[in-house]
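**Q** Take a look at this one; I'll ask things after.
The values are calculated or read from the model by the stated rules, or taken from the named source; none is laboratory data. The structure presented is a predicted model; accordingly, all values stated were derived computationally and were not measured. Glycine gets a Cβ as well: all are built from the backbone with ideal geometry, and neighbour counts include every protein chain shown. All accessible areas refer to the heavy atoms of the entire protein, side chains included, with ligands and DNA or RNA removed. Shrake-Rupley method; radii C 1.70, N 1.55, O 1.52, S 1.80 Å.
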Amino acid sequence: MEFKVLPGGDITGEARVPGDKSISHRSIMLGALARGTTRVSGFLEGEDALATVAAFRAMGVRIEGPEDGEVTIHGVGLDGLSAPAQPLDLGNSGTSIRLLSGLLAGQSFSSELTGDESLRGRPMGRVIDPLTLMGAEIKGAAGGRPPLHITGGRALKGIHYDLPMASAQVKSCVLLAGLYASGTTSVTEPAPTRDHTERMLRGFGYEVKTGGGVISLEGGGALQATSIDVPADISSAAFFLVAASIAPGSDLLLTHVGINPTRIGVINILRLMGADISLRNQREVGGEPVADIRVRHASLRGIEIPADQVPLAIDEFPALFIAAACAEGRTVLRGAEELRVKESDRIASMAEGLATLGIRNEVLEDGIIIEGGTLGGGVIRTFHDHRIAMSFAVAALRAEGEIHILDCDHVATSFPGFDALARGLGLQISAMTD
Ligand code: S3P
């Protein structure tokens, strides 16, 4: 599938983007391991979250749906999973493979985890190392890449792990293995990362302590089924926060968006650039803060992105780079080396596309410098990365020519229906299959 996007237009109206990917994954994992029946609404019916559903079905968990975002999970308890008959294929989903590796390290059965070409190129040493310290037996292919082979029946012991990188996936992997470990499992992180695992464990009645920068839990407890209302994904909202900010005449309301403080770097950074974003109707839904977000066009200016905002906006940089391209002056991002090991090397992928559209940029080892300017049209490669495709689609609002984006199938991993929703709000986008 390819996108063709005509230049110009504005983004106006009201929309609810699909459910949060991180929360959707965790709702299936914890629902499956709980005692009783968990009901989920607002579930993201994207390929990544569906890969997690398929994995738990393959381990004997009865899951109904998703249908219109509703999922019912018949939990089997922490020790109720059964051995999968085949290797578990997690597709494009880093969250699935890393969180599952923690859960599976504590099972009585052995398992193998794999994924698509992009996932098979991503580093897993970051989960193999702490799990090995806990007593797990887990082996990757060359360079610590998937497939991962996990040997069952190993007794895990709680450890303290000082995370070498700001990664919610690694933190969650260790904490989920900790459910099966003897004693206390604790982590410290170099910077706060998304805390959905901690919040949701508490929602399932499992005690998680946080204080003095340490997050800890005791192994051997139990999860009690609950109901979960998944908010709209701020990472999907981000494309429209940028779109409405850059396109003159725009006025958009995004409803029911998750505004967890560990996820709102995109709002903070856009506001520093001069964006007109206001939060309304702030409320708490199932332990997660939610708001409606109004965004109107504004003249943006380039900034030095504050280091403390980087982990809070880690998935939103491709969209933010488009904001930087449309801003007056220079935007500088440093300390974002994690972008190099996402679904693609997002510094390199974005730098290439920005250059294609005539935006001057300088690639740094851990970031990028972008000079705001005039965007032309052109043909964009996406490197199998959903967020690269959607970012360049919204760039067309300020381009002087048509933007043709190749290889957009992966958009469905996180944002099924992106093109239809964007079209309804004013983007002149058409999707074509070869
Ligand atoms: C995620 C954590 C982040 C993020 C990913 C989802 C999660 O990855 O990029 O899209 O759900 O825990 P890292 O933990 O590798 O930074």
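**Q** Where the centre of each part is set by its Cα atoms, how far does the range 258-291 sit from the range 376-409, in angstrom?
**A** 26 Å
**Q** Okay, next question. For helix 386-395, report the angle its Cα long axis makes with the longest principal axis of the Cα atoms of the chain; keep it between 0 and 90° and round to the nearest 10°.
**A** The helix 386-395 is inclined about 20 degrees to the chain.
**Q** Build a GNM of the chain with springs between Cα atoms under 10 Å: which of Ser235, Ser111, Ser101 gets the top mean-square fluctuation?
**A** Ser111
**Q** Quickly estimate the mean residue ellipticity at 222 nm for the chain, helices only: each DSSP H run with n ≥ 4 gives -39500 (n - 2.57), and the total goes over all residues, rounded to 500. Write down the numbers at each step before the final one.
**A** On the way: 12 runs with 125 residues, N = 434.
My calculation for the chain gives -8500 deg cm²/dmol from helical runs alone.
**Q** Probe radius 1.4 Å, ligands and nucleic acids ignored: give me the carbon and sulfur share of the accessible area of the range 21-229 as a rounded percent. Write out the running numbers ahead of the final one.
**A** Details: 3530 of 7470 Å².
On the range 21-229, the fraction of accessible area on carbon and sulfur atoms equals 47 percent.
**Q** Please find, in a Gaussian network model of the chain (springs between Cα atoms separated by less than 10 Å), the residue of Val40, Val379, Val310 whose mean-square fluctuation is greatest.
**A** Judging by the Gaussian network model, the answer is Val379.
**Q** Under 24 Å between C-alpha atoms is the cut-off here; go through the range 21-229 and count lysine pairs that meet it, provided they're at least eight residues apart or on different chains. Walk me through the numbers before you get to the answer.
**A** On the way: Lys21/Lys171; Lys139/Lys157; Lys139/Lys171; Lys157/Lys171; Lys157/Lys209; Lys171/Lys209.
Qualifying lysine pairs in the range 21-229: 6.
**Q** Per residue, how much accessible area does the range 21-229 show when a 1.4 Å probe rolls over the protein heavy atoms, in square angstrom? Let's see the in-between values first.
**A** Numbers: 7470 Å² over 209 residues.
Here the per-residue accessible area is 36 Å².
**Q** Hey, another quick one. Based on Cβ point charges of +1 for Lys and Arg and -1 for Asp and Glu, what charge dipole magnitude is obtained for the chain about its Cα centre, in debye rounded to the nearest 20? All intermediate terms of the calculation are to be shown ahead of the outcome.
**A** Values: 38 positive and 52 negative charges, 165 e Å.
So the dipole magnitude of the chain works out to roughly 800 debye.
**Q** Which listed residue (Ala323, Ser391, Leu312) has the Cα farthest towards the positive end of the charge dipole for the range 289-414, taking +1 on Lys and Arg C-beta and -1 on Asp and Glu C-beta about the Cα centre?
**A** Towards the positive end, the residue furthest out is Ala323.
**Q** Find the centroid of the Cα atoms in the range 301-329 and in the range 199-224, then give the distance between the two in whole Å.
**A** 33 Å
**Q** Which one, Ser182, Ile269, Leu30, projects farthest toward the positive side of the charge dipole computed for the chain from Cβ point charges (K/R +1, D/E -1)?
**A** Going by the Cα projections, it comes out as Ser182.
**Q** While we're looking at this one, here's another question. Name the longest site-free stretch of the chain, where the excluded sites are trypsin sites (Lys or Arg not before Pro) in a DSSP loop with no more than 15 other beta-carbon atoms within 10 Å.
**A** Numbers: sites that count: Arg334, Arg360.
Maximal segment without exposed cleavage sites: 1-333.
**Q** Relative to the longest principal Cα axis of the chain, at what angle does helix 346-356 sit, 0 to 90 degrees, rounded to 10?
**A** With both axes taken from Cα atoms, the answer is about 20 degrees.
**Q** Send over the semi-axes of the range 21-229's equivalent ellipsoid, whole angstrom and largest first, taken as the square roots of 5 times the C-alpha gyration tensor eigenvalues.
**A** Numbers: eigenvalues 101, 82, 55 Å².
With the √(5λ) rule applied to the range 21-229, the semi-axes are 23, 20, 17 Å.
**Q** In degrees from 0 to 90, rounded to the nearest 10, what is the angle of the helix 234-246 Cα long axis to the longest principal axis of the chain?
**A** For helix 234-246, the angle is close to 10 degrees.
**Q** Projected onto the charge dipole of the chain (+1 at Lys/Arg Cβ, -1 at Asp/Glu Cβ, origin at the Cα centre), which of Thr433, Val363, Ala85 gives the Cα projection farthest towards the positive end?
**A** Result: Ala85.
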